[in-house]
Amino acid sequence: MLTIPDPLADLRKIVLSVPGELEDWAAKNSIARFNISEQQWKDNGAEIIHFSPADQKRYMDRIRKVGVDFLTNHKNAQVREVYAVFKKAVAETR
């Protein structure tokens, strides 16, 4: 049987591997950028106030519901569909 090579095989490998390779880099850079920005705020006279762990949890519990409601009932059907795919993927990996 003659096998025809897949011209997109290399591209497919790249598309599937690069996000995982960038994840740590992106996380580290996001944290570094956050720290720089926070310091700039302080240097310009701002006071940074952080929630207590209990307040942070309460805030996240409330705001999460807003996001879920927004995405579940979004006027754009494609947004609703993509959100459903994300929810399914999360449920399958927990």
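Shown for region 51-94: lysine pairs separated by 8 or more places, or found on different chains, whose C-alpha atoms are under 20 Å apart, numbering 5.
Just checking my list (i) 10.2; (ii) 6.3; (iii) 11.5 against mean projected area of the Cα convex hull in nm² computed from this structure; which label fits? Correct label, based on the coordinates given: (iii). The phi torsions of region 46-55, fed into the Karplus equation with coefficients 6.51, -1.76 and 1.60 and a -60° offset, translate into couplings of 7, 9, 8, 10, 10, 5, 5, x, 5, 5 Hz, rounded to whole numbers, with Gly and Pro shown as x.
Adding -39500 (n - 2.57) for every DSSP H run of four residues or longer, then dividing by how many residues the chain holds, sets the calculated 222 nm ellipticity at -27000 deg cm²/dmol.
Sparse packing (at most 10 other Cβ atoms within 10 Å of the Cβ) combined with a DSSP loop state is found for the following GluC sites (Glu not before Pro) in region 1-91: Glu47.
With +1 on the Cβ of every Lys and Arg and -1 on the Cβ of every Asp and Glu, and nothing else charged, how large is the dipole of the chain about its Cα centre, in debye rounded to the nearest 20?
Dipole of the chain, to the nearest 20 debye: 460 debye.
Running Debye on region 51-94 with equal point scatterers at the Cα sites and no solvent, what base-10 log of I(q)/I(0) appears at q = 0.16 Å⁻¹? Cα-only, vacuum Debye calculation for region 51-94: -0.55.
The angle between the Cα long axis of helix 9-43 and the longest principal axis of the Cα atoms of the chain comes to about 10 degrees, rounded to the nearest 10.
Values quoted throughout were computed directly from the atomic coordinates according to the rules given, and no laboratory measurement underlies them. Just so it is clear, the structure is predicted and the values come from calculations on it, not from any experiment. Ideal geometry is used to build each Cβ from the backbone, glycine not excepted, and the neighbour counts take in all protein chains shown.
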